[in-house]
Amino acid sequence: MKSKSINIKLLVATSNPGKLKEIRRGLKGLPLKILGLEDEAITARYREKGKTFMENAKAKGLFYSQFTDYLTLAEDSGLEVEALKGEPGVLSARYAGYKANDEKNIAKLLARLKDFPLSKRKARFVCCLCLAKQGKILKCFRGEVRGWIIEEKRGHYGFGYDPIFFYRPFNRTFAELPPEKKNLVSHRGRALRRLRRFLEKNLGRLLE
Ligand code: IMP
């Protein structure tokens, strides 16, 4: 890789500010200028159709990398609850319908789980990241973290299902963890560290 003063543009194909923040933090220090869809005035939105997070991440990478010459990073992530056979899964963002928000999604999930004791509320977050350029996938990365869905929200950090995702090793929900602590163990943190190692080795070559 060349000098750290080079700023290579990386388009992060998400309109979720919570994800963008975590991705910026995870790639901090690399010679990248990280841009969101809004920075590039890209208003087209990919309508997810995949059955898995990886399918969606690849499809988003192919779609958004057509709009610029920059390296493009697409992300798809969500929560899978074992007792609900993997729900909300790829529907995590719109679990409560197309007008869903974090609060409504959490309310729906807690209602679906109301008859399950804590011992049956095992869950995992999954994150898939795909790096693409001009309509081609270069490489994908995956990360996951296991936890439990508690009955009431706790904490104010983070976004999405963080307030009800309890991470036993820290005895906290993800919303009770400051960002740097969540990143150490989260699905996105893990996938981002894999991506980071790949970029550290290959960034120069990817731009040839
Ligand atoms: P999508 O990847 O845009 O389809 O949205 C993923 C959804 O999964 C988010 O809107 C959140 O509801 C949930 N999600 C993904 N990652 C996290 C996380 O780190 N914390 C909490 N919720 C998350």
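The values are calculated or read from the model by the stated rules, or taken from the named source; none is laboratory data. Note that the coordinates shown come from a computational prediction; the quantities given were computed from them, not determined experimentally. Cβ: placed from backbone, ideal geometry, glycine included. Neighbour counts: every protein chain shown.
Could you identify the single residue in Ile150, Ile164 that is hydrophobic (A, V, I, L, M, F, W, C), within 11 Å of the ligand (Cβ to nearest atom) and touching a residue at least 24 places away in the same chain (Cβ under 8 Å)?
On the way: Ile150 fails: within 11 Å of the ligand (Cβ to nearest atom).
The conditions single out Ile164.
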| Within the bounds of segment 137-153, is there any residue that is assigned to a loop (DSSP other than H, G, I, E, B), more than 20 Å from the chain's Cα centre (by Cα) and either of a type in the set (Lys, Arg) or crowded, with 17+ Cβ neighbours inside 10 Å (or both)? | yes
| Test for Glu180: is it part of a loop (DSSP other than H, G, I, E, B) and either acidic (Asp, Glu) or surrounded by fewer than 15 Cβ atoms within 10 Å (Cβ to Cβ) (or both) | no
| All positions within segment 96-134 that are within 12 Å of the ligand (Cβ to nearest atom), more than 24 Å from Leu192 (Cβ to Cβ) and buried (at least 16 other Cβ atoms within 10 Å of the Cβ) | Ala96, Ala100, Ile106, Lys108, Leu109
| field | Number of the exception - Asn171 against (1) on the phi > 0 side of the Ramachandran plot; (2) touching a helix residue (DSSP H, G or I) at 6+ places or on another chain (Cβ under 9 Å) | value | (2)
| remark: Within segment 58-94, of all residues that are of a type in the set (Gly, Ala, Ser) and closer than 15 Å to Gln134 by Cα, the one nearest to the ligand (Cβ to nearest atom) is Ala74
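Restricting attention to segment 179-199, does a residue exist that is charged (D, E, K, R), closer than 18 Å to Ile106 by Cβ and at pLDDT 95 or above?
Step one: of segment 179-199, the residues charged (D, E, K, R) are 180-182, 188, 190, 193-194, 196-197.
Retained after the next criterion (residues that are closer than 18 Å to Ile106 by Cβ): 182.
Those left that are additionally at pLDDT 95 or above: 182.
The answer is yes, given that some residue of segment 179-199 is charged (D, E, K, R), closer than 18 Å to Ile106 by Cβ and at pLDDT 95 or above.
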| Can you name every residue in segment 16-31 that is within 14 Å of the ligand (Cβ to nearest atom) and either among the hydrophobic types (A, V, I, L, M, F, W, C) or over 22 Å from Phe125 (Cβ atoms) (or both)? | Leu20, Ile23
| task | Give me the pairs, please: first residue somewhere in segment 182-196 and under 15 Å from Phe165 (Cα atoms) and among the hydrophobic types (A, V, I, L, M, F, W, C), second residue anywhere and part of a helix (DSSP H, G or I) and more than 10 Å from the ligand (Cβ to nearest atom), beta-carbon distance under 8 Å, and either six or more positions apart or on two chains. | result | Val185/Pro169; Val185/Phe170
| said: Just to be sure I understand the filter: pairs with C-beta atoms under 9 Å, separated by 6 or more residues or on different chains, first member in segment 116-143 and more than 23 Å from Ser186 (Cβ to Cβ), second member surrounded by fewer than 18 Cβ atoms within 10 Å (Cβ to Cβ) and hydroxyl-bearing (Ser, Thr, Tyr). Which pairs pass? | reply: Gln134/Thr68
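With the condition kept exactly as written, say whether any residue in segment 32-49 is farther than 19 Å from Tyr70 by Cβ, surrounded by 16 or more Cβ atoms within 10 Å (Cβ to Cβ) and within 16 Å of the ligand (Cβ to nearest atom). Lay out the reasoning, then the answer.
Filtering segment 32-49 for residues farther than 19 Å from Tyr70 by Cβ gives 47-49.
From what's left, surrounded by 16 or more Cβ atoms within 10 Å (Cβ to Cβ): 48.
Remaining after also requiring within 16 Å of the ligand (Cβ to nearest atom): 48.
For segment 32-49, residues farther than 19 Å from Tyr70 by Cβ, surrounded by 16 or more Cβ atoms within 10 Å (Cβ to Cβ) and within 16 Å of the ligand (Cβ to nearest atom): present.
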| said: If Leu192 satisfies all but one of (1) in contact with a Lys or Arg (Cβ under 9 Å, 6 or more places away or on another chain); (2) surrounded by fewer than 15 Cβ atoms within 10 Å (Cβ to Cβ); (3) assigned to a helix (DSSP H, G or I), what's the number of the condition it fails? | reply: (2)
